[in-house]
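Inspection log for the structure reproduced underneath, given as structure tokens.
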There are 2 protein chains.
Amino acid sequence: MASSKQIFIAIIGAGGVGKSFLSQLDALASRRPSPKLNLIYISTSKKALYDASYSPIPIAGAIEKLATVSQAPPALPQLADYLAAAPAKVVLVDNTSSQDVADAYPDFLGRGISVVTPNKKAFSGSYHLWKDIFAAAEKSGAKVYHESSVGAGLPVISTLKDLVDTGDHVTKIEGVFSGTMSFLFNSFAPTSGSGGKWSAEVAKAKELGYTEPDPRDDLNGLDVARKLTILARLAGLPIESPSSFPVQSLIPKELESCTSGGEFLQKLPEFDMQMEETKKAAEKQGKVVRFVGSIEVASKQVKVGLEQFDASHPIAALKGSDNIISFYTERYGSNPLIIQGAGAGGDVTAMGVTSDLIKVLGQIV
Amino acid sequence: MASSKQIFIAIIGAGGVGKSFLSQLDALASRRPSPKLNLIYISTSKKALYDASYSPIPIAGAIEKLATVSQAPPALPQLADYLAAAPAKVVLVDNTSSQDVADAYPDFLGRGISVVTPNKKAFSGSYHLWKDIFAAAEKSGAKVYHESSVGAGLPVISTLKDLVDTGDHVTKIEGVFSGTMSFLFNSFAPTSGSGGKWSAEVAKAKELGYTEPDPRDDLNGLDVARKLTILARLAGLPIESPSSFPVQSLIPKELESCTSGGEFLQKLPEFDMQMEETKKAAEKQGKVVRFVGSIEVASKQVKVGLEQFDASHPIAALKGSDNIISFYTERYGSNPLIIQGAGAGGDVTAMGVTSDLIKVLGQIV
């Protein structure tokens, strides 16, 4: 149905995911004439591009233009005022990993502003925030989608929602939820061959850009714990926070106090023996070691850490930095529904955000 | 948003999928008070339960009640008249595999009636019908969803649509698309051990209910060809019909003329040597043989038939009667996005239909 309807898009965040998303949004806007997608706000933590009359910002050059302005972003409550007063429906795209922005979702949603985001913080913070977010959306009719908060563009959240919404009973979710951890263990403990030293693999992963600037932010397991928190809540478990279940950290106690990622990497070789022993113990059983997360729904057990797997197990056979997520359910029986592929990277993360946006457009236009 | 909105549901088909769907619909209707889902029509090819005033039919006992009526179903044009005149929006759920019903989709859709269905015929018949269906939906704003037409409830169609809609370029799709073929080859040519005789595996699959009443309806490859046609079209290839690309049939020429599935099964052992040779040829290369479909998008090559795979390949490592579908795309690079799990069965097929219905409700209410 051709129509002159327009939707306003507001974007917070212009990093790797933000850039990929803008390029996908640009292509989407030119492919689909209706509804007209008008970018009316874009900001980083330092700068914001927008005006009082909601003038459309050309999507193609938005980031370059943002770099040239000197306007600071409004405080979040003022941003909510600005967007709520807009003369069209607004979708806010949060491409940050900011807790502050996440904390403001209930305000945005309650005022009719839909939210799409890869930001894990909103859905893996306090259970109170989780409830506030969905209650605000329910009340106003605004939509909130966050596919890329787990497994980037892989259809993980949507599949779990479909299982639950159609009345299946999820019994267990298990998988490798971190591209970094996947890469590290696929190299350190391959199913054939012997693999490198642990510290050398960590250094290589950092060099290739597979880790956070400080690798401890991957090795502490918190990123995986956040993803498990989201999935467990969607499966019906009222998980209080990512610290309310056991999470194994791969940072040696002695190195927790290093003042920098560089110092950590320098001292890590002293602890290679610990990981080597873990690997050998698995090999003695004919197995390999992997860093996995699992949710047992009936017993409400969520945990994150090292587990051993047969070489023929799909989790052991993973390649590169792929994620794998297995859903065990009543309907699917003994063989789980499995989703596998790249779970990190700007383009595939932005894909999840863009497909969420398309879903929201289908519902609010 | 609580509202008094109601949606009318009309169902054609009350077989295995139809029964599972009704039970999921019943649960859905009681879980979600809004919109109110009113079943106003249900039919088999012989009987129909409905009345002139669109009275709601209790969902729970609908199939039992349908069995007691003597009313014949209206012709499809009359059914379209009846549904188009309804005082609420209508979703038609086609749980048949009827070409006649599929041929009527453009009429239903053009008159504003949304369609959700696992029926492959509509989307894998003539390319003309495909175009008519989506043109009719586009024009009226009615929705058409068919997740379960490939891989049952596995998120295959939705994932491919998300990839395409967000601007990724699918380069290749490859997989095992038939639960029957999966079961047969996982048993006949396992990655470890020697497997049974071909004819014995076919007989066993039939006994376990994994084949059509006449196993030739699986072995001719047409079911897989239909699914490939659907995926290729969604990936942008204007495939004319499932017979416009090479499809390898596993029915020996001499047995094509058997007058029954029983006669076919009786004579099949005479041809075991052919399949045994195929298996041995693969084993000589250290590989196993599998019945797969593949789509090479750039070269527009679609084909269905036997291929050899390393034992460590995800297609070789499949279990039971699982399907596996790999999407190779520009964004996902060398490691494909993989979806795996049960691709047949009443409950998981109905799950795809129910989740489609939920998506349609989100858009038309």
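We did not get these values from a lab; they are worked out from the coordinates using the rules stated. Worth saying up front: this structure is predicted, and the values here are computed from it rather than measured. Glycine also receives a Cβ, built like all others from the backbone with ideal geometry; neighbour counts cover every protein chain displayed.
Considering region A:15-165 at the alpha-carbon level, its Rg and Dmax are found to be 15.4, 47 Å.
Size of region A:210-365 from its Cα atoms: along the principal axes, largest to smallest, the extents are 58, 38, 32 Å.
Spatial offset of region A:333-365 relative to region A:1-52 amounts to 19 Å, using the alpha carbon center of each. Taking amide hydrogens as placed 1.01 Å from N in the peptide plane, the amide H of A:Thr44 sits under 5 Å from those of A:Gly13, each at least 5 positions away in sequence or on another chain.
With a 10 Å cut-off around each Cβ of A:306-313, the average count of Cβ atoms from other chains is 1. Local charge for A:Asn335 was computed over the other residues whose Cβ lies under 10 Å away, with Lys and Arg +1 and Asp and Glu -1, and equals 0.
Could you tally the net charge around A:Ala72, taking each other residue with its Cβ under 9 Å from the Cβ of A:Ala72, Lys/Arg +1 and Asp/Glu -1? List each step's numbers first, then the result.
Details: positive: A:Lys46, A:Lys47; negative: none.
Around A:Ala72, the charge tally is +2.
Please state the charge dipole magnitude for region A:1-160, taken about the Cα centre, from unit charges on C-beta atoms (+1 on K and R, -1 on D and E), reported in debye and rounded to the nearest 20.
Using Cβ point charges on Lys, Arg, Asp and Glu, region A:1-160 gives about 340 debye.
If you wrap a convex hull around the C-alpha atoms of chain A and split its volume per residue, what is the figure in Å³?
Cα-based convex hull of chain A, divided per residue, equals 152 Å³.
Inter-chain Cβ neighbour count for A:24-31, averaged per residue, equals 2 (cutoff 10 Å, partner chain atoms only). Only lysines eight or more places from B:Lys280 in sequence, or on another chain, were considered; those with a Cα closer than 24 Å are B:Lys197, B:Lys204, B:Lys253, B:Lys267, B:Lys303, B:Lys319. Find the centroid of the Cα atoms in region A:220-248 and in region B:276-320, then give the distance between the two in whole Å. Region A:220-248 and region B:276-320 have Cα centres spaced 39 Å from each other.
Computed over the Cα atoms of region B:53-98, the ratio of the radius of gyration to the Kirkwood radius (Rg/Rh) comes to 0.95. For B:Arg111, inter-copy separations between label points set 7 Å beyond Cα along the Cβ vector come to 4.7 nm, shortest first. Multiplying each eigenvalue of the alpha-carbon gyration tensor of region A:200-281 by 5 and taking the square root yields semi-axes of 27, 15, 12 Å, largest first, rounded to whole angstroms.
Which one of A:Asn95, A:Ile59, B:Gln6 is farthest out on the positive end of the charge dipole of the protein assembly as shown, using unit charges on Cβ (Lys, Arg +1; Asp, Glu -1) and the Cα centre as origin? Working it through, the farthest residue towards the positive pole turns out to be B:Gln6.
Can you tell me how region A:69-149 classifies by the Cα gyration tensor, rounded, prolate or oblate, using a/c under 1.5 as the rounded cut? Verdict is oblate for region A:69-149.
Computed from the alpha carbon positions, the gyration tensor of the protein assembly as shown leads to an equivalent ellipsoid with semi-axes of 41, 37, 23 Å, biggest first. Averaging 1/r over every pair of different alpha carbons in region A:8-49 and inverting the result gives a Kirkwood radius of 10.8 Å. Cross-link reach is defined here as a Cα-Cα straight distance under 17 Å, omitting same-chain residues fewer than 8 places apart; for B:Lys139 the lysines meeting it are A:Lys5, B:Lys89, B:Lys131. The protection proxy used here, the mean number of other Cβ atoms lying within 10 Å of each residue, ranks peptides A:281-287, B:307-313, A:313-319 as follows, highest first: A:313-319, B:307-313, A:281-287.
As a rough guide to protection, the peptides B:203-211, A:289-297 ranked by mean Cβ packing within 10 Å, highest first, stand as A:289-297, B:203-211. Name the most mobile residue of A:Thr68, A:Thr180, A:Thr191, meaning the one with the largest mean-square fluctuation, in a Gaussian network model of chain A with Cα contacts below 10 Å. Among A:Thr68, A:Thr180, A:Thr191, the largest GNM mean-square fluctuation belongs to A:Thr68. Summary value for chain A: 20 percent relative contact order, contacts being C-alpha pairs under 8 angstrom separated by 6+ residues.
Answer rounded, prolate or oblate for region A:1-87, using the Cα gyration tensor with square roots of eigenvalues a ≥ b ≥ c: rounded when a/c is under 1.5, else prolate when a/b is larger than b/c, else oblate.
oblate
Between the beta carbons of B:Gln6 and A:Gln99, assuming R0 = 51 Å, the FRET efficiency works out to 0.75 to the nearest 0.05. Assuming 1.002 mPa s and 20 °C, estimate D for region B:170-214 with Stokes-Einstein, Rh taken as the Kirkwood radius over Cα pairs, in µm²/s. D, rounded to a whole number, is 186 µm²/s. Each listed q (0.14 Å⁻¹) maps to a log10 I(q)/I(0) for region A:128-186, found by the Debye formula over equal Cα scatterers with no solvent: -0.57. With its label point put 7 Å out from Cα toward Cβ, A:Pro87 sits 3.9 nm from the same residue's point in the other copies, in order from shortest. Sorted from closest to farthest, the other copies place their A:Gln99 label points 6.3 nm away, with each point set 7 Å from Cα along Cα→Cβ. Remark: the A:Gln71-A:Ser194 segment gains 38.8 nm on full extension, using 0.36 nm per residue and subtracting the alpha carbon distance.
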